[in-house]
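Trainee: Questions regarding the structure given below will be posed in turn.
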Amino acid sequence: MSVAAASTVGPPPGMDVRLSSNESPFGPSPAALAAAREAAAAAHRYPDDQSLELRGALADRLGRPREEVAVGTGSAAVLMDVIAHACHGRGSAEVLAFERSFVVYRLAAENAGAHYVEVPTTNPPVPHAPEHRDVDALLARVTDATRVIVVDNPGNPTGAHLDRDSLTRLVEDAPAHVTVVVDEAYHHFARGQRGYAAVDELDVTHPRLLTVTTFSKAYALAGMRVGVLVGPAPLVAEVDGRRSRFNVTGPAQAAAIASLGDEEHLERTVAGTLEGRQRMVQGLTELGVRFADGLGNFVLLDVGGAVDDVVVAYAGHGVGVRPLAPYGMRSQLRVSVGTPPEVDAFLAASREVLVDVPA
Ligand SMILES: Cc1ncc(COP(=O)(O)O)c(C=O)c1O
């Protein structure tokens, strides 16, 4: 399978209802927009390369020292930097991940000259439940060459997650030479459900445990590009030391700081997303089609055959959905949760588009 080609990554053009990129349809906090506008007045200045205020605000939030937090140009860039750093100078480095993990891990491994090793998941991703990810199978694949274990929790595109016990076991049993990266891009939507636990809810230690999060999802700042790295100070400093300089713009830093201060907006976004996800689940159940409702801000739909015509049919209704060929998933689509009217539009389109789809 090839890495994501640029043409498969961007949203389809011209869709009224854009449910293809796991964005927040509720938009950023008004305070974030105001802060970004104000910061743009200083666009002739370089931003704070150290992002001190933003890192401080994140550290306060997490109850950790600022040295344990770094930021980058979206979490995809942070992941690229982390994986490059962990594999650097190792001729036969391996990056270990579950099958159907976020596509950037493969890209990052290939960029780092590492071998990307996928551990099969034990169930197909549908019907009605995301795949099961077997931590013991993952740990069994660790070798001396393994430099990185990377897990998206919950995962994109399947929405599958590791529960508290599995994640604890993964971290505790991973050898000390391995950098364990837990990508929690969707943690706001997953907390408190179906046994999910984020790293900050666990009582675990590992010398090379890194957590990656993002402002792109629940904070709705995907266009601003701010990702976050949390972990042991020396390791964070090493990764941060190698990133490209001045990478997080002034407006992006300001917007992220202001977002952290607007709890109400975050809560409304998470509640609206979970409500929308539930309505999509209900609508798809009524239609009798196969789908998986994981813990992200999206659902996975199985159309039982090649998806291309279905994507085109949705587009005919102005609804952009995401085909998953880069993941080797040729009969499935990912559909992000939209606003209530967008969910209505998706379900109305589904009633016509999915008539012939096998249950
Ligand atoms: C699991 C996961 N990690 C990371 C990202 C990257 O997000 P960003 O680079 O916008 O922070 C995404 C985006 O869809 C994702 O699904």
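The values are calculated or read from the model by the stated rules, or taken from the named source; none is laboratory data. Remember, it's a predicted structure, so these values are computed and weren't measured experimentally. Every residue, glycine among them, receives a Cβ derived from its backbone with ideal geometry; neighbour counts consider all protein chains shown.
Trainee: Report whether or not PRO124 is within 16 Å of the ligand (Cβ to nearest atom), farther than 19 Å from ALA77 by Cα, assigned to a loop (DSSP other than H, G, I, E, B) and assigned by TED's automatic domain parsing to the domain that holds LEU79. Write out each step before concluding.
Mentor: Numbers: within 16 Å of the ligand (Cβ to nearest atom): no; farther than 19 Å from ALA77 by Cα: yes; assigned to a loop (DSSP other than H, G, I, E, B): yes; assigned by TED's automatic domain parsing to the domain that holds LEU79: yes.
Answer is no for this residue.
Trainee: Among the residues of the range 152-175, are any out of contact with any Gly (no Cβ under 7 Å at 6 or more places or on another chain), aliphatic (A, V, I, L, M) and under 25 Å from ARG330 (Cβ atoms)?
Mentor: No, that holds for no residue.
Trainee: Could you grab me the full set of residues in the range 342-358 that are among the charged types (D, E, K, R) and buried (at least 18 other Cβ atoms within 10 Å of the Cβ)?
Mentor: Filtering the range 342-358 for residues among the charged types (D, E, K, R) gives 342, 344, 351-352, 356.
Passing the criteria: only GLU342.
Trainee: Can you name the condition, by its number, that THR339 falls short on among (1) surrounded by 18 or more Cβ atoms within 10 Å (Cβ to Cβ); (2) at pLDDT 95 or above; (3) more than 18 Å from ARG100 (Cβ to Cβ)?
Mentor: Every listed condition holds for THR339 apart from (1).
Trainee: Moving on. So, THR179, is that one surrounded by fewer than 17 Cβ atoms within 10 Å (Cβ to Cβ) and more than 10 Å from the ligand (Cβ to nearest atom) or not?
Mentor: On the way: surrounded by fewer than 17 Cβ atoms within 10 Å (Cβ to Cβ): no; more than 10 Å from the ligand (Cβ to nearest atom): yes.
So THR179 does not fit the description; no.
Trainee: If you check GLY227, GLY294, which single one turns out to be within 13 Å of the ligand (Cβ to nearest atom), crowded, with 21+ Cβ neighbours inside 10 Å and modelled with pLDDT under 95? I'd like the intermediate steps shown before the answer.
Mentor: Numbers: GLY227 fails: modelled with pLDDT under 95.
Being within 13 Å of the ligand (Cβ to nearest atom), crowded, with 21+ Cβ neighbours inside 10 Å and modelled with pLDDT under 95 holds for just one of GLY227, GLY294, which is GLY294.
Trainee: Another question, if that's okay. What are the pairs, 6+ residues apart or on separate chains, where a residue within the range 162-177 that is closer than 13 Å to VAL151 by Cα has its Cβ under 7 Å from a residue that is surrounded by 13 or more Cβ atoms within 10 Å (Cβ to Cβ) and of a type in the set (Lys, Arg)?
Mentor: Short answer, once both residue conditions are applied: LEU162/ARG133.
Trainee: Can you give me the number of residues within the range 303-331 that are more than 16 Å from the ligand (Cβ to nearest atom), crowded, with 22+ Cβ neighbours inside 10 Å and either assigned to a strand (DSSP E or B) or among the polar types (S, T, N, Q) (or both)?
Mentor: 1
Trainee: Just the residues that are assigned to a loop (DSSP other than H, G, I, E, B) and crowded, with 21+ Cβ neighbours inside 10 Å, please, taken from the range 248-268. Reasoning before the result, please.
Mentor: Let us first name the residues in the range 248-268 that are assigned to a loop (DSSP other than H, G, I, E, B), namely 248-249, 261-262.
Residue satisfying the conditions is VAL248 alone.
Trainee: Small (Gly, Ala, Ser), in a strand (DSSP E or B), buried (at least 16 other Cβ atoms within 10 Å of the Cβ) and under 16 Å from the mean Cα position of the chain (by Cα): which single residue out of ALA108, ALA77, ALA70, ALA97 fits that description? Before the answer, list the steps.
Mentor: Numbers: ALA108 fails: in a strand (DSSP E or B); ALA77 fails: in a strand (DSSP E or B); ALA70 fails: under 16 Å from the mean Cα position of the chain (by Cα).
Every option except ALA97 fails the conditions.
Trainee: Answer yes or no: is there a residue in the range 115-122 that is within 17 Å of the chain's Cα centre (by Cα), crowded, with 18+ Cβ neighbours inside 10 Å and modelled with pLDDT of 95 or more.
Mentor: No, because not a single residue in the range 115-122 is within 17 Å of the chain's Cα centre (by Cα), crowded, with 18+ Cβ neighbours inside 10 Å and modelled with pLDDT of 95 or more.
Trainee: Testing VAL248 on (1) touching a helix residue (DSSP H, G or I) at 6+ places or on another chain (Cβ under 6 Å); (2) in the same structural domain as LEU54 (by TED's automatic domain parsing), one condition comes back false. Which one is that?
Mentor: Failing condition for VAL248: (1).
Trainee: Pick out the one residue from ARG37, ARG45, ARG55 that is more than 13 Å from the ligand (Cβ to nearest atom), more than 30 Å from GLU118 (Cα to Cα), at pLDDT 95 or above and touching a Lys or Arg at 6+ places or on another chain (Cβ under 7 Å). Can you show your working first?
Mentor: Values: ARG37 fails: touching a Lys or Arg at 6+ places or on another chain (Cβ under 7 Å); ARG45 fails: touching a Lys or Arg at 6+ places or on another chain (Cβ under 7 Å).
The unique qualifying residue is ARG55.
Trainee: Further question on the same structure: Identify the residue in the range 186-201 that is more than 14 Å from ALA160 (Cβ to Cβ) and of a type in the set (D, E, K, R) and, among all such residues, is farthest from the chain's Cα centre (by Cα).
Mentor: Top of the filtered list is GLU201.
Trainee: Something else: Kindly indicate whether ARG141 is in contact (Cβ under 8 Å) with a residue 40 or more places away in the chain, of a type in the set (Lys, Arg), away from the ligand (no atom under 13 Å from the Cβ) and surrounded by fewer than 24 Cβ atoms within 10 Å (Cβ to Cβ).
Mentor: Details: in contact (Cβ under 8 Å) with a residue 40 or more places away in the chain: yes; of a type in the set (Lys, Arg): yes; away from the ligand (no atom under 13 Å from the Cβ): yes; surrounded by fewer than 24 Cβ atoms within 10 Å (Cβ to Cβ): yes.
The answer is yes for ARG141.
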